[in-house]
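Asks: Take this structure, written in structure tokens, and hold onto it; I'll ask about it next.
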Amino acid sequence: MKKFGHKLIGVFKKAKDNTIYFFKNNVLFTTFIITSLINGCLIRFLTVKNYTAISPILADLAFILFVGSLAYFFKPKNRFKYYMVWSVIFTAICLINSVYYTNYISFTSFSLLATSLQLAGVSDALGTIMELKDICYIWAPITLLFIHRKLLKQGYYSKLKTKEKPKVAVLKVLVAATIVLGFFLSTLTGTDISRLYKQWNREYVVMKFGIYTYQGNDLIASLKPQISPLFGYDTAAKEFREYYKENKEEHKNNKYTDIFKGKNVIVIHAESMQNYLLDTEINGKTIAPNLKKLAEEGMYFSNFYSQESVGTSSDTEFTYSTSLLPASSGTVFVSYWDREYPSIQKFLKEEDYYVFSMHANKGNMWNREVMHKQLGYDRFYYYDKDYKLDDMVGLGLSDKSFFKQSVQKIKAIQEKHDKYYGLLIMLTNHTPFEGFEDTTDLDLTYKYTKTDEVTGEQTEVVNDYLKNTTLGRYFTTAHYADEAIGEFVEELDKEGLLEDTVLVIYGDHDAKVKRGEYDYYYNYNPETDSKRSKSDPEYKEFTKYDYELNRKVPFIIWTKDKDLKKKINKEITTVTGMYDVLPTLGNMLGIENPYALGHDVFSTDDHYVVFPNGNWITDKMYYDNQNGEAIVFDEESVISKDYISKYTEKAEKEIAVSNDIIVHDLIKKTKESDEVIKGGQK
């Protein structure tokens, strides 16, 4: 027994000596591994905050070891370049995701590279969305450079030539990586693997697989537009047919059926317009008084959510038009433009409508010039091709000039066509929300009366507390955009274009203002000219759920017709989403989409909204599928596990079916397949 103990001690001593020897002769490799691993942990700590999770550390370590092992195929003097390139790549991954998560509460995707040109016009916003913590990751390549220079001075690389055996080093690292990978794989469940493959639940993937595995998998997922159609079609087609067979609902008439049949339709795509603006007053002035007035006179969906993903405005256009969800990887407008989609535009064209769209930006923005044809528009009016650029601001033509010029174009269209449907895409209220700080009549200062404790003398104090904040700039541009909408409606009325016409307005997505800015706004203390501390009795916490629920956007249906106005004048408080628009508005216009994922709000009792990241909301609760957390709206409500499972399954099924339709072009191919079968039967 004693002899065995000595042997065991000898084995441990030898392993210890070998380990010390390896790291002593692989200083650069060790530095690369440690710095990259620390950054991988740091990005998770500062975002999803899963401090104690072991599995993402194992995943990141295995990934880094595999990458690091390849350096041994280079000569010692060239390995620094290899490590530095990867260190910069890993640092960039952490930095970019840190910025993106801070602003969008999600992780970025390689598919964004395909649409990066769409963001060129908002590069000025970079300074407003970056924080000091976002650049903390650059220490890794700096440390690597410092160690490299120190090793050069010591003649380290020359000594290393005589000592090392590259093949042995590669083998050792690969064995270590394989062992770590084995431990990691033993922690995984079927759900983990499924979510890695589907990729839509990005927070969960990072929390379980680490940032490097997530981004590597995302790179593969970004190739789906080219690769996926070649694989998995049969399974996708089978699930597609089963879904619509099980979930197909018979069309139900309700009191709004065909109420707008044959009416002209003008739709306003209100850039970054959020719901709370309609009820927010600053110094006695409402930020969005015109939208508020239209909401009070028309049908107003006050619990309405956009369902956009990385494609933001373009995703909203797609979901609004088709009642499908955005793609899980990439954006439909850029990556999947060549598919067949049923749309409100195509359905109205079948009813002899002339269908057009207008925008104050370039036609290639989000590939609209191409995608609008695919959706069924007869004509797309845009930027310098169709507009006089007389009042440029932000990304393009100002909303007021855009609307003023568009009225004349709509007037010309009405003279040629009996019925028309038109979409007007606004632009001014777009990040970084600049250009109107000194021109608006909206006073963003905080005024209060201060009483001197000794003399009792009162003086008025004015604090410009929203100056130089994104939220303050947003209020200003949103107020301008609302003014533009008000003037547009007046111009339409003046030209007689509101007769026999329905006006539809939707906010395309929230403004992406950071939660911290709302926290400052709601907890501003005028006496100290700063934010109240959490210990202050008057402090009101603005939680992440407050932030999510605050992202609601307005959806308004309005008409000048007095009789119709009486029939539709009501507020709809039940939860609804962008994919419910086509079924709901379509029923009013006398059209129907058999592939809609949303529902006619007035023909169903099952009200819920699915978000592209897997989260969902009902009238009872909001569920965060990323973390398995929820907020219940009525504290007295009893929510069962079955209730959560039911809507979680609905969410995952809808996301999967919608994505399969997009990736595999299932609607077109299923139609072709059915026609072949019918032809064979004849």
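The values are calculated or read from the model by the stated rules, or taken from the named source; none is laboratory data. Since this is a predicted model, take the numbers as computed values, not measurements. Reconstructed Cβ throughout: ideal geometry from the backbone, glycine too, with neighbour counts over all protein chains shown.
Asks: Which residue pairs have Cβ atoms under 6 Å apart, sit 6 or more places apart or on different chains, and have a first residue in the stretch 279-297 that is modelled with pLDDT of 95 or more and a second that is among the aromatic types (Phe, Trp, Tyr)?
Replies: Filtered contacts from the stretch 279-297: Ile287/Phe475; Leu294/Trp558.
Asks: So, Val310, is that one part of a helix (DSSP H, G or I) and in contact (Cβ under 8 Å) with a residue 40 or more places away in the chain or not?
Replies: no
Asks: Can you name the condition, by its number, that Gln345 falls short on among (1) surrounded by fewer than 22 Cβ atoms within 10 Å (Cβ to Cβ); (2) of a type in the set (S, T, N, Q); (3) not in a loop (DSSP other than H, G, I, E, B)?
Replies: Answer for Gln345: the failing condition is (1).
Asks: State which residue is farthest from Asp563 (Cα to Cα) when the search covers only the stretch 502-520 and only residues that are of a type in the set (Lys, Arg) and assigned to a loop (DSSP other than H, G, I, E, B).
Replies: If we take residues in the stretch 502-520 being of a type in the set (Lys, Arg) and assigned to a loop (DSSP other than H, G, I, E, B), then Lys514 is farthest from Asp563 (Cα to Cα).
Asks: Follow-up. Please specify each residue of the stretch 392-417 satisfying the condition of being assigned to a loop (DSSP other than H, G, I, E, B) and either farther than 18 Å from Glu483 by Cβ or of a type in the set (Phe, Trp, Tyr) (or both).
Replies: Of everything in the stretch 392-417, those that are assigned to a loop (DSSP other than H, G, I, E, B) and either farther than 18 Å from Glu483 by Cβ or of a type in the set (Phe, Trp, Tyr) (or both) turn out to be Leu395, His417.
Table: residues versus (1) modelled with pLDDT under 95; (2) among the acidic types (Asp, Glu).
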residue	(1), (2)
Glu548	yes, yes
Lys567	no, no
Lys570	no, no
Thr574	no, no
Gly577	no, no
Val581	no, no
Gly590	no, no
Asp600	no, yes
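Asks: Among the residues of the stretch 436-453, which ones are hydroxyl-bearing (Ser, Thr, Tyr), assigned to a loop (DSSP other than H, G, I, E, B) and within 19 Å of Thr280 (Cα to Cα)?
Replies: Within the stretch 436-453, Thr440, Thr445 qualify.
Asks: Assess whether Asp500 counts as being closer than 30 Å to Gly262 by Cα, in the same structural domain as Lys411 (by TED's automatic domain parsing) and in contact with a His (Cβ under 6 Å, 6 or more places away or on another chain).
Replies: The answer is no for Asp500.
Asks: Shifting gears a bit: Only one of (1) surrounded by 19 or more Cβ atoms within 10 Å (Cβ to Cβ); (2) out of contact with any helix residue (DSSP H, G or I) (no Cβ under 6 Å at 6 or more places or on another chain) is not met by Glu297, so which one is it?
Replies: Checking Glu297 against (1) surrounded by 19 or more Cβ atoms within 10 Å (Cβ to Cβ); (2) out of contact with any helix residue (DSSP H, G or I) (no Cβ under 6 Å at 6 or more places or on another chain), the one that fails is (1).
Asks: Could you tell me whether the stretch 521-534 includes any residue that is in contact (Cβ under 8 Å) with a residue 60 or more places away in the chain, loosely packed, with under 13 Cβ neighbours inside 10 Å and part of a strand (DSSP E or B)?
Replies: no
Asks: When only residues in the stretch 28-82 that are over 15 Å from Thr143 (Cβ atoms) and polar (S, T, N, Q) count, which is surrounded by the most Cβ atoms within 10 Å (Cβ to Cβ)?
Replies: Thr47
Asks: What do you reckon, is Tyr465 modelled with pLDDT of 95 or more, out of contact with any Pro (no Cβ under 7 Å at 6 or more places or on another chain) and either of a type in the set (Ser, Thr, Tyr) or not assigned by TED's automatic domain parsing to the domain that holds Gly284 (or both)?
Replies: Spelling it out, it is not the case that Tyr465 is modelled with pLDDT of 95 or more, out of contact with any Pro (no Cβ under 7 Å at 6 or more places or on another chain) and either of a type in the set (Ser, Thr, Tyr) or not assigned by TED's automatic domain parsing to the domain that holds Gly284 (or both).
Asks: Here's a follow-up. For the subset of the stretch 353-412 comprising residues that are touching a residue at least 40 places away in the same chain (Cβ under 8 Å) and of a type in the set (D, E, K, R), which member is surrounded by the fewest Cβ atoms within 10 Å (Cβ to Cβ)?
Replies: So the residue we want is Lys411.
Asks: So, one more: Considering the stretch 454-471 alone, what residues qualify as being assigned to a loop (DSSP other than H, G, I, E, B) and not aromatic (Phe, Trp, Tyr)?
Replies: Matches in the stretch 454-471: Val454, Thr455, Gly456, Glu457, Asp464, Leu466, Lys467, Asn468, Thr469.
Asks: Follow-up question, since we're still on this one. How about the stretch 440-464: which of its residues are of a type in the set (S, T, N, Q) and in contact (Cβ under 8 Å) with a residue 12 or more places away in the chain?
Replies: Thr440, Thr445, Thr449, Asn463
Asks: Within the stretch 571-617, which residues are in contact with a Gly (Cβ under 9 Å, 6 or more places away or on another chain) and either assigned to a loop (DSSP other than H, G, I, E, B) or more than 27 Å from Leu375 (Cα to Cα) (or both)?
Replies: Within the stretch 571-617, Gly590, Glu592, Asn593, Ala596, Gly598, Asp600, Phe611, Ile617 qualify.
Asks: What are the pairs with Cβ atoms under 7 angstrom where one residue, in the stretch 633-653, is assigned to a loop (DSSP other than H, G, I, E, B) and the other, located anywhere, is among the aliphatic types (A, V, I, L, M)? Sequence gap at least six, or different chains.
Replies: Phe633/Met621; Ile639/Met621; Ile639/Val632
Asks: Consider Tyr383 carefully, then state whether it is hydroxyl-bearing (Ser, Thr, Tyr) and more than 27 Å from the chain's Cα centre (by Cα).
Replies: no
Asks: OK, next. Which condition number in (1) surrounded by fewer than 24 Cβ atoms within 10 Å (Cβ to Cβ); (2) modelled with pLDDT of 95 or more is the one that Ser335 fails?
Replies: With respect to (1) surrounded by fewer than 24 Cβ atoms within 10 Å (Cβ to Cβ); (2) modelled with pLDDT of 95 or more, Ser335 is out only on (2).
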